[in-house]
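Contents: one structure, followed by commentary.
The values are calculated or read from the model by the stated rules, or taken from the named source; none is laboratory data. For clarity, every value in this text was computed on a predicted model and none was experimentally measured. Positions of Cβ are generated from backbone atoms using ideal geometry, with glycine treated the same way; all protein chains shown enter the neighbour counts. Ligands, DNA and RNA are stripped out before the accessible areas are found, and what is left, the full protein with its side chains, is counted by its heavy atoms. Shrake-Rupley method; radii C 1.70, N 1.55, O 1.52, S 1.80 Å.
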Amino acid sequence: MILRDGDKGDSVKTLQRGLNRMGAMLLVDGDFGAGTGNAILNARQQLNRPGPPEADDDLQTAVAAVPDPFPPLTASGMTFIAREEVSDATVYQRRFQTPTCPPAPSGVTIGIGYDCRFVNRVEFEGDWADLLPPASVSQLAGVLGKPGTADVLAPVAAVVVPLSAAMHVFAKRTLPKYLDLTRSIYPQVDDPAVTAAQRTALVSLVYNRGTDLFDARPDDRRREMRAIRDLLAARRFDDSVAAQFESMTRLWDPVRAAGLIQRRRHEATLWRSGFATLQLE
């Protein structure tokens, strides 16, 4: 059976799940649209199976055989955090496939939140040398360890980091790092009673807010993160944790930081209901 633009149903969902294991960042909605077609073209390139933006039986079988890139969170968790960072593949290609310069203390950033300020040459080449052209690796080496400024960004502004490369490094380098950081304050992240969706919610929180648990300001901006620590230590893996994610929305202006508010609410949904509620599995 060939799946193509306009098709709907469980077969499309199965294909979308497989494409997400390859870094497609799709919603698993069972609706074959332009995003699924573009993901198929990217998958064909990765699998060295050239062809049109549709999936015949052979391509579906090849995609289904691709292993999960980061089992602790599953491909659904990887997709969730990547989408919270860059939205989707179309937005990535428009805004993030060339280097960016986020506010201090960041350096030049590539891919899915890969900050070149905080890696050395050996680490960088280990992550990217097999994925980017040698000329691009050499250019980007010049920004390693440096704070991000317009002058630092300018020489590398035209370097292109394909989505497939970005997601590979995200799964193999970035997510393991942030899972380790999550363990440092929430060791129960590895508890067998914690689901992959709940684990993803915790890693997403740490990815976004770091590991600090204390804040001396009057609004005590780390209060909920400490509360989550205490709930997990008591093995209360219930709705109380989701309520703390939601309580954090008090910290941001709903006009200027709507994305952060939505992210906390999505994390609360993951904790309560799992990936399917957000069309991620």
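Over the stretch 1-65, what is the relative contact order in whole percent, taking alpha-carbon pairs under 8 Å and six or more residues apart?
Once divided by the residue count of the stretch 1-65, the mean separation gives 40 percent.
Compare ALA104, ALA65, ALA166 in a GNM of the chain, Cα atoms joined below 10 Å, and give the one with the largest fluctuation.
ALA104
Relative contact order (percent) for the stretch 213-270, with alpha-carbon contacts under 8 angstrom and 6 or more residues of separation?
With pairs under 8 Å counted, the relative contact order is 27 percent.
What is the ratio of the Cα radius of gyration of the stretch 16-85 to 2.2 N^0.38 Å, where N is its residue count, to two decimals?
Compactness ratio reported: 1.05.
Only one of the listed values, (i) 141; (ii) 119; (iii) 129, was derived from the coordinates as volume of the Cα convex hull per residue in Å³; which label is it?
(i)
May I ask you to compute the full-extension gain from ASP253 to SER138, defined as 0.36 nm times their residue separation minus their alpha-carbon distance, rounded to one decimal in nm?
37.3 nm
How large, in percent, is the carbon and sulfur part of the accessible surface of the stretch 132-225 at a probe radius of 1.4 Å?
C and S atoms contribute 57 percent here.
How much length is gained if the chain between ALA243 and ASP10 is pulled fully straight, taking 0.36 nm per residue apart and subtracting their Cα-Cα distance, in nm to one decimal?
Net length gain for the segment: 80.6 nm.
Give me the Debye-computed log₁₀ of I(q)/I(0) at q = 0.18, 0.26, 0.28 Å⁻¹ for the stretch 104-177, equal point scatterers on Cα only, no solvent, two decimals.
Summing over Cα pairs of the stretch 104-177 leads to -0.64, -1.39, -1.58.
What figure, in Å² to the nearest 10, do you get for the accessible area of LYS13 with a 1.4 Å probe and non-protein molecules left out?
70
Pull up the cross-link candidates among the lysines for LYS172, meaning alpha carbon to alpha carbon under 26 Å and not fewer than 8 places away within one chain.
LYS13, LYS146
Which whole-number percent is the relative contact order of the chain (Cα, under 8 Å, 6+ apart)?
17
Can you report the principal axis dimensions of the stretch 146-274 using only the alpha carbons, biggest first, rounded to whole angstrom?
51, 36, 24
Under 13 Å from the Cβ of LEU179, count the other residues' Cβ atoms, weight Lys and Arg +1, Asp and Glu -1, and hand me the total.
Within the 13 Å Cβ shell, the charges total +3.
Could you order the peptides 222-230, 207-215, 236-244 from most to least packed, using the average number of other C-beta atoms within 10 Å per residue?
By packing density, highest mean first, the sequence is 222-230, 236-244, 207-215.
Treating only the Cβ of Lys, Arg, Asp and Glu as charged (+1, +1, -1, -1), what charge dipole size does the stretch 89-204 show about its Cα centre? Round to the nearest 20 debye.
200
With every protein chain kept in place and ligands, DNA and RNA left out, what is the accessible area per residue of the chain? Probe 1.4 Å, answer in Å².
On a per-residue basis, 47 Å².
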